[in-house]
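Below is one structure, written out as structure tokens; the observations come after it.
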Amino acid sequence: RRVLSSPLRRLVREFVAQNNASQIKHVIQILSQEFALSQHPHSRKGGLIGLAACSIALGKDSGLYLKELIEPVLTCFNDADSRLRYYACEALYNIVKVARGSVLPHFNVLFDGLSKLAADPDPNVKSGSELLDRLLKDIVTESNQFDLVGFIPLLRERIYSNNQYSRQFIISWILVLESVPDINLLDYLPEILDGLFQILGDNSKEIRKMCEVALGEFLKEIKKNPSSVKFAEMANILVIHCQAADDLIQLTAMCWMREFIQLAGRVMLPYSSGILTAVLPCLSYDDRKKNIKEVANVCNQSLMKLVIPEDDEMDEAKQSVALLAEPTSEESLSKPEAASSGESLNELDVTALNQPLSFPCSSERIQVTLNLDGIVQVLDCHLHDTSIGMMTRIAVLKWLYHLYIKTPRKMFRHTDSLFPILLRTLSDESDEVILKDLEVLAEIASSPAGQTEAPGPSEGSDARPSPVELHVPARTSQLSNSGPKGLECSPSTPTMNSYFYKFMINLLKRFSSERKLLETRGAFIIRQLCLLLNAENIFHSMADILLREEDLKFASTMVHTLNTILLTSSELFQLRNQLKDLKTPESRNLFCCLYRSWCHNPVTTVSLCFLTQNYKHAYDLIQKFGDLEVTVDFLTEVDKLVQLIECPIFTYLRLQLLDVKNNPYLIKALYGLLMLLPQSSAFQLLSHRLQCVPNPELMQTADSTKPSGGGSGFRRPTASNIDYAELLQHFEKVQNKHLEARHQRAGRAEQLDRRVVL
């Protein structure tokens, strides 16, 4: 090698001294064409040694001939002979060592060649390429003339290599470029972020660790300089990798998403549907993926906070104008990411959001369009998916509730499509899911934004709400003047809108078609609704609907359920007090409404009369029981009523037994129940109670001639407004219908039995 290179170096030095550039080029051309690119291996080897010697002889002038020196050497990188590849690597090392910073204009071709050698199967070649790689990194680190713009397209292409050694080579260069103060790789992070996340899934622990470090450094830089970060261009990339099957990729992407939402704020809103698609399933992960679940929960909460009441008031057209008025950059569009993110992310191409932000985020009010349609579509899909976990369903319902609170006007455009699945969700296995579902439904039924301007039914005693709408006076003034705080007050406000009656109808239909739901969760659902909405409205509307129910058996069962809730639930204490006194026209109207539906079940009708202290009418009803068909179910309900009379709710009734003179019909009614019962534990219980009724003669006192303040209906002169005779006729009419229906069912069952016998 020395024999060949020494004379050549002397010759080249002479040409340099003579400033004879043409001869120098001629020598390089001969070494390149006739030797380095020769068909004979030994000639190629000699050519490579000659080109290295020529470069050494040229010294600082080698920069003038780098293109001619480098190209033939790089060609030999592809040689089939590993020894020649090694010599090519050695030759290029000498050329670069002499030229130093002058090689930077040729950096891309050098990098391209080195990336291939990094995956070379021969260990000697790989070792040589590593020496050359370190030299080139030193040159880039100490130089301030590195062309990052020209290098990024090559880096973006090479980063998708599947070869482990090539990936290691790429990551090592990214770490070097990150460490150079004068090179701002963060500006081009959107170009390489997807590739980095793919490398993070490599099988090699070492490469995964290197990639983790690189991504960690980028994230630190993002936190330090959020104003220069193109958040919007990377949002879709994170959405994709937040759904990765690899745990490390998913956790890392989720951590990035958390920081993006917190740093970029409302700039992330147009990507909400994609983010929710990625985040919501993670909320149901078990302890094996606890870290991902916790980060996803933070992402979800942070994203929810970005939705503000102003989103409901902003006019979309004005927003578009505002966005177009802001300076935009066409080069900063994130087309590949949006295209690869799937159908659910179509709405994410918001060009005006790709500009750096003005911070601090807390004071910014960037006008962005909340794509509510996309968000609702994602939430709706997750509710329809029966395979999703409980925590995900709860999160979806929390989102819907939040959107109805913050953006009620826009959300009510979606109510008709959401309503069926919200009703079906009441059949969920989880009580917590049902509670959240009821909160959403209650908000829909009570929000002023759901009020229509349609005229209600005409005034009068026979006026009834239509099956699809319960009329409430329009509250347009509240809609226009109530700020965000006013809207957030619901669902506790005792108001009804156009959806309230529709909700009650569909809820009862649900109970009718799913009897198991009524048996297991019916009381729970109605009690919760009484807390969320106005209990009087609920009972009034349900009684009104049940009055027209064609399935008499269901009507009887439903009335029994409602009556049990009315008499036993602590949530209905105020409503019981209201009915107990019947002092107001509203309370008397409610009693009459309940009574007409309660007639579907004779025993519940009596219990309602006991609750409202209509003892004479209760006695009249019990007298009619002799004409009814007494069944086992009927006697069981009488038994339960006796048990209820002994409960704290009827304390006032038991105390009124002391006033025998003013409550004769109460005692008669109780004796009537006693006579209906067979010799059972309930019979013994009521009999013992009645034995405690004092002798009226023994209860005489000095003031016995004065009118009693408690007891029967005589102490309520306004009760005369109620037509008890008409109510009794209605009771008989309803019970006759039930009798006919039972006989029809019995007849059908008998015919079926005959067919089976035949």
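The values are calculated or read from the model by the stated rules, or taken from the named source; none is laboratory data. Note that the structure is predicted; figures quoted are calculated from it, not measured. Neighbour counts are summed over all protein chains in view; Cβ atoms, including those assigned to glycine, are modelled from backbone coordinates with ideal geometry. Ligands, DNA and RNA are stripped out before the accessible areas are found, and what is left, the full protein with its side chains, is counted by its heavy atoms. Shrake-Rupley method; radii C 1.70, N 1.55, O 1.52, S 1.80 Å.
By a 1.4 Å probe calculation restricted to protein chains, residue 540 has an accessible surface near 60 Å², given to the nearest 10.
Under 17 Å of direct C-alpha separation, and excluding same-chain neighbours fewer than eight residues apart, residue 436 reaches these lysines: 398, 406.
This model, with +1 at the C-beta of Lys and Arg and -1 at the C-beta of Asp and Glu, gives the range 601-695 a dipole about its Cα centre of some 360 debye.
Counting Lys and Arg as +1 and Asp and Glu as -1 over every other residue whose Cβ lies under 12 Å from the Cβ of residue 415, the net charge comes to +1. In the range 601-695, a dipole from Cβ-located charges (positive for Lys and Arg, negative for Asp and Glu) runs towards its positive end, and of 625, 686, 676 it is 686 whose Cα lies farthest in that direction.
Between the listed residues 175, 129, 144, the Cα displaced farthest toward the positive end of the dipole of the range 125-189, a dipole computed from Cβ unit charges relative to the Cα centre, is found at 129.
Local charge for residue 650 was computed over the other residues whose Cβ lies under 11 Å away, with Lys and Arg +1 and Asp and Glu -1, and equals +3.
Length available on full extension from residue 733 to residue 586: 0.36 nm per residue minus the Cα-Cα distance, which gives 50.4 nm.
Placing dummy labels 7 Å off each Cα toward the beta-carbon, the span from residue 42 to residue 553 is 10.6 nm.
What is the calculated FRET efficiency for residue 679 to residue 288, with r their C-beta to C-beta distance and R₀ = 51 Å, to the nearest 0.05? Display every interim value, and only then the final one.
On the way: r = 62 Å, r/R0 = 1.22.
Rounded to the nearest 0.05, the efficiency is 0.25.
Fully extending the segment from residue 687 to residue 212 would add 162.9 nm, taking 0.36 nm per residue of separation and subtracting the current Cα-Cα distance. Given their separation in residues at 0.36 nm each and the Cα-Cα distance between them, residue 423 and residue 515 gain 31.7 nm when the chain is fully extended.
Averaged per residue, what accessible surface does the range 1-147 expose to a 1.4 Å probe, in Å²?
51 Å²
Please grab the % of Cα pairs in the range 601-695 that end up more than 21 Å from each other. Intermediate results must be reported in sequence, preceding the final value.
Details: 1019 of 4465 pairs.
When every Cα pair of the range 601-695 is considered, 23 percent fall beyond 21 Å.
In the range 372-450 the Cα-Cα distances spread across 5 Å bins starting at 0 as 3, 17, 32, 27, 15, 5, 1 percent of all pairs. For the range 1-147, a simple Cβ point-charge model (Lys and Arg +1, Asp and Glu -1, everything else neutral) yields a dipole of about 480 debye relative to the Cα centre.
For a 26 Å ceiling on Cα separation, which of these pairs sit above it: 516/640; 509/616; 553/668? Numbers along the way, then the final one.
On the way: 516/640 21 Å; 509/616 35 Å; 553/668 30 Å.
Beyond 26 Å between Cα atoms: 509/616; 553/668.
Could you tell me whether the range 501-543 comes out rounded, prolate or oblate from its Cα gyration tensor? Rule is a ≥ b ≥ c as square roots of the eigenvalues, rounded for a/c under 1.5, then prolate if a/b exceeds b/c, otherwise oblate.
Working: a/c = 2.42, a/b = 1.37, b/c = 1.77.
Here the range 501-543 falls in the oblate category.
Nearest 0.05, what FRET efficiency do residue 138 and residue 308 give at R0 = 60 Å with Cβ-Cβ as r?
Working: r = 52 Å, r/R0 = 0.87.
Approximately 0.70, to the nearest 0.05.
Using θ = phi - 60° in the Karplus curve 6.51 cos²θ - 1.76 cosθ + 1.60, the 3J(HN,Hα) couplings for the range 398-415 round to 4, 5, 4, 4, 4, 5, 5, 6, 7, 10, x, 4, 5, 5, 5, 5, 9, 4 Hz; x is entered for Gly and Pro.
Would you please give the FRET efficiency between residue 634 and residue 413, computed as 1/(1 + (r/R0)^6) with r the Cβ-Cβ distance and R0 = 56 Å, to the nearest 0.05?
0.70
Is the shape of the range 1-147 best called rounded, prolate or oblate, per the rule: a/c under 1.5 gives rounded, else a/b larger than b/c gives prolate, else oblate, with a ≥ b ≥ c the square roots of the Cα gyration tensor eigenvalues? Oblate, because a/c is 1.5 or more while a/b does not exceed b/c.
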